[in-house]
């Protein structure tokens, strides 16, 4: 029960928290700049990295629901078996790309930890900011694997593969 709720809502929660932080820190920095004539380097920098993390989490949410912008001409022309193979091919491409991004971003994070690269104006290792890549893309891998299993299950049970757009409850 708890896992199902987390599984269904994790992206929405992360998006809400990250977007709230992003908006609040920008508001705070604007007020500081124009009312107090002071700024902080860390506020603008952390807002930028929060926005990047927000994008990666949103990509995982879109992958989960298959609500991304797409052209459905070819899938609509195919029968259920052709659509199954096409969607599984697309999911495999997603997985390959995501695995490469996670692998290389972890390598960059290791380098940043080894060289103790710090954020400008904020004494935190840059690996903390770059963790958005493997976290976001790791979540994408999880969602694509779920979608892959759902597609196969849908075809084996109903001999049909929905065009997408409705998430797992299509």
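The values are calculated or read from the model by the stated rules, or taken from the named source; none is laboratory data. Worth saying up front: this structure is predicted, and the values here are computed from it rather than measured. Cβ coordinates were reconstructed from backbone atoms using ideal geometry, including for glycine residues, and neighbour counts include every protein chain displayed.
Per-structure values
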read-out	value
Test: residue in the stretch 68-86 that is within 30 Å of residue 20 (Cβ to Cβ) and in contact with a helix residue (DSSP H, G or I) (Cβ under 8 Å, 6 or more places away or on another chain)	yes
Given (1) without any contact (Cβ under 8 Å) to a residue 12 or more places away in the chain; (2) touching a helix residue (DSSP H, G or I) at 6+ places or on another chain (Cβ under 8 Å); (3) part of a helix (DSSP H, G or I), number of the condition residue 38 does not satisfy	(3)
Condition check for residue 62: in a helix (DSSP H, G or I) and crowded, with 18+ Cβ neighbours inside 10 Å	no
Unmet criterion (only one of (1) touching a helix residue (DSSP H, G or I) at 6+ places or on another chain (Cβ under 6 Å); (2) free of Cβ contacts under 8 Å to residues at least 24 places away in the same chain; (3) buried (at least 17 other Cβ atoms within 10 Å of the Cβ)) for residue 117	(3)
One residue from 139, 145, 133, 163 being surrounded by fewer than 17 Cβ atoms within 10 Å (Cβ to Cβ) and either part of a helix (DSSP H, G or I) or modelled with pLDDT of 90 or more (or both)	145
Matching residues in the stretch 102-127 - criterion: being over 23 Å from the mean Cα position of the chain (by Cα), in a helix (DSSP H, G or I) and under 22 Å from residue 47 (Cα atoms)	113
Filter pass, residue 90 being part of a helix (DSSP H, G or I), more than 20 Å from residue 53 (Cα to Cα), over 16 Å from the mean Cα position of the chain (by Cα) and free of Cβ contacts under 8 Å to residues at least 60 places away in the same chain	yes
Residue in the stretch 102-114 that is closer than 30 Å to residue 163 by Cα and either surrounded by 14 or more Cβ atoms within 10 Å (Cβ to Cβ) or out of contact with any helix residue (DSSP H, G or I) (no Cβ under 6 Å at 6 or more places or on another chain) (or both) present	yes
Conditions (1) assigned to a helix (DSSP H, G or I); (2) touching a residue at least 60 places away in the same chain (Cβ under 8 Å); (3) exposed (fewer than 15 other Cβ atoms within 10 Å of the Cβ): number failed by residue 67	(1)
Among the candidates 120, 115, 151, residue that is farther than 24 Å from residue 7 by Cα, modelled with pLDDT under 90 and out of contact with any strand residue (DSSP E or B) (no Cβ under 9 Å at 6 or more places or on another chain)	120
